[in-house]
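Take a look at the structure below.
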Amino acid sequence: MKIFILLTFLLAGSLQAKIILPELLAKQAVSNIRFLSQDGKFTYYQKRSGSLLYSSNYKVMEILKGQIGTQYTLIGTAARKKIIVMQNQIFHTFYALRAQEKIFLLNFGDTTLKEVGMGSAPALHLDDTWISYYDYYTKIITFESTANKALKFTIKLNNKINPYFTPQVLMSDENTIYYTDLGETGAVGLLQYQRNTNKAEVIFKANTPMLKAEICLHNNSLIMGLFGINYSKEGTTIYRAPLPITDFSKRDTIYNSLVNDFGQLVCDYSKDNITFIKNYGTNEHFSTDLVDLNTQTKALTLLSEMKTITSVINMDGTLLALDKGKYFIVKGNTDYKNIDSLKSLPPSGATEAIKAIDKEREND
């Protein structure tokens, strides 16, 4: 009888559904893709020659040219009004964590670029009406209106201890900015800056430099995650504070773990959940997978079972996970490999258009 019970238990365990994520496959080589629209109607991709191209409706257009080996990064938000384009022409020739890149803006799905400037870590804010970027050498965050280049302002960090620190930045309204900075000991802090007074106030300060902080906006609340680093025993805590913030000490703790999680908060995909990379192993031996955290019930939902996920990306409504150099679709129903959302054929017909696209790919 005991043997029968044991076999039944083992069989039941083996029949439990394992989460199998589909790999991202597309007609274009995935390694070249920099942005895919959710409906599959257009793609931005790069070539080894240094070009950034736009492909849609059997048409391929070069929108930016760089030297051989130039790398591009494209960033969009749920507002789907603007796309940031970053151009790094020294990616393969000069290794620098603080290297400045050329930053451009595109209207969503368009091909006309507007140059913003040189910097790092750009981000879009307030439904893509503002862009921010950082200068590691001057330690200045620049904010600029995406509609009027003349409308801009700056914030200078106090950080004097870590030249590689990258601030987390967000705008909750046109007057209020939240950003992270480092204190004299290297401990991270959260500051609230008011444009009308041109003053910044420290509203939170960590008690150890062994924590990194991430912030994002979700359902009119500020989410802040604190994640232990470098095999420390600080663990992970995630807070939620409704906006506008008048007393950050009254924040709500929505998640706590004794283990250092990877983080990478994604707050713009779901109205109920935030997504991050959780460590199911130890601080010495990581086992990382994606989870959803419900900000109201504080319940966790496992989204993957790969144990080695290193990055998560929200690409225009498709949630992607990076594992061992491959991209997997965590959430999103578009079949990029077989989708056919083309509206019309060019005058030369489908055959010639497909040949032109194939020729572009061969030259890559």
Report the gain in length on full extension from residue 287 to residue 99: 0.36 nm times residue separation, minus Cα-Cα distance, nm rounded to one decimal. 64.5 nm
Averaged over all directions, how much area does the convex hull of the C-alpha atoms of segment 167-271 cover when projected, in nm²? 6.9
Short version: ³J(HN,Hα) in whole Hz for each residue of segment 234-243, in order, from phi by Karplus 6.51 cos²θ - 1.76 cosθ + 1.60 (θ = phi - 60°), x for Gly and Pro, what are they? 6, x, 9, 9, 10, 10, 10, 10, x, 9
For residue 162 and residue 176 in the same chain, what is the full-extension length gain: residue separation times 0.36 nm, less their Cα-Cα distance, in nm? 2.5 nm
Can you give the FRET efficiency for residue 252 and residue 208, using 1/(1 + (r/R0)^6), R0 = 22 Å, r = Cβ-Cβ distance, to the nearest 0.05? 0.50
Do any trypsin sites (Lys or Arg not before Pro) in segment 150-184 lie in a DSSP loop with no more than 10 other beta carbon atoms within 10 Å, and if so, which? none
Of 310, 77, which has the most accessible area and how do the rest follow, probe 1.4 Å? 310, 77
Note down the magnitude of the dipole of the chain about its Cα centre, charges +1 on Lys and Arg C-beta and -1 on Asp and Glu C-beta and zero elsewhere, to the nearest 20 debye. 240
Expressed as a fraction of 2.2 N^0.38 Å, the rule-of-thumb size for a compact globular protein of N residues, what is the C-alpha radius of gyration of the chain? 1.09
Heavy-atom accessible area with a 1.4 angstrom probe orders 139, 271, most exposed first, as 271, 139
List the residues whose amide H sits under 5 Å from the amide H of residue 126, counting only those 5 or more places along or on another chain, with H placed 1.01 Å from N in the peptide plane. 171
Cβ-derived FRET efficiency at R0 25 Å, residue 127 paired with residue 296, nearest 0.05: 0.55
Count neighbours as other Cβ atoms within 10 Å of each site's Cβ, and list the chymotrypsin sites (Phe, Trp or Tyr not before Pro) in segment 272-322 that are DSSP loop with at most 16 such neighbours. 280
Three semi-axes of the equivalent ellipsoid, segment 102-216, Cα gyration tensor, whole Å, largest first: 26, 15, 12
Whole-Hz couplings from phi, Karplus 6.51/-1.76/1.60, listed for segment 38-45; x for Gly and Pro: 4, 8, x, 7, 8, 9, 9, 8
Determine ³J(HN,Hα), in whole Hz, for all residues of segment 196-213 in sequence, where each value follows from phi through the Karplus function 6.51 cos²θ - 1.76 cosθ + 1.60 and θ = phi - 60°; x replaces Gly and Pro. 5, 10, 6, 10, 10, 10, 6, 10, 7, 9, 5, 9, 8, x, 8, 10, 10, 10
Net charge contributed by nearby residues that have their C-beta within less than 13 Å of residue 158 (K/R +1, D/E -1): +1
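Loop only per DSSP, at most 12 neighbouring Cβ atoms within 10 Å: give me the GluC sites (Glu not before Pro) in segment 136-218, ordered by residue number.
184
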Tell me the label-point distance for the pair residue 151, residue 49, using the 7 Å Cα-to-Cβ offset, in nm and rounded to one decimal. 4.0
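The values are calculated or read from the model by the stated rules, or taken from the named source; none is laboratory data. Keep in mind that what you see is a predicted model, and the values were worked out from it rather than measured. FYI the Cβ positions are ideal-geometry reconstructions off the backbone, even for glycines, and counts take in every protein chain you see. Side chains are part of the model used for accessible areas, which takes the heavy atoms of the whole protein and leaves out ligands, DNA and RNA. Shrake-Rupley method; radii C 1.70, N 1.55, O 1.52, S 1.80 Å.
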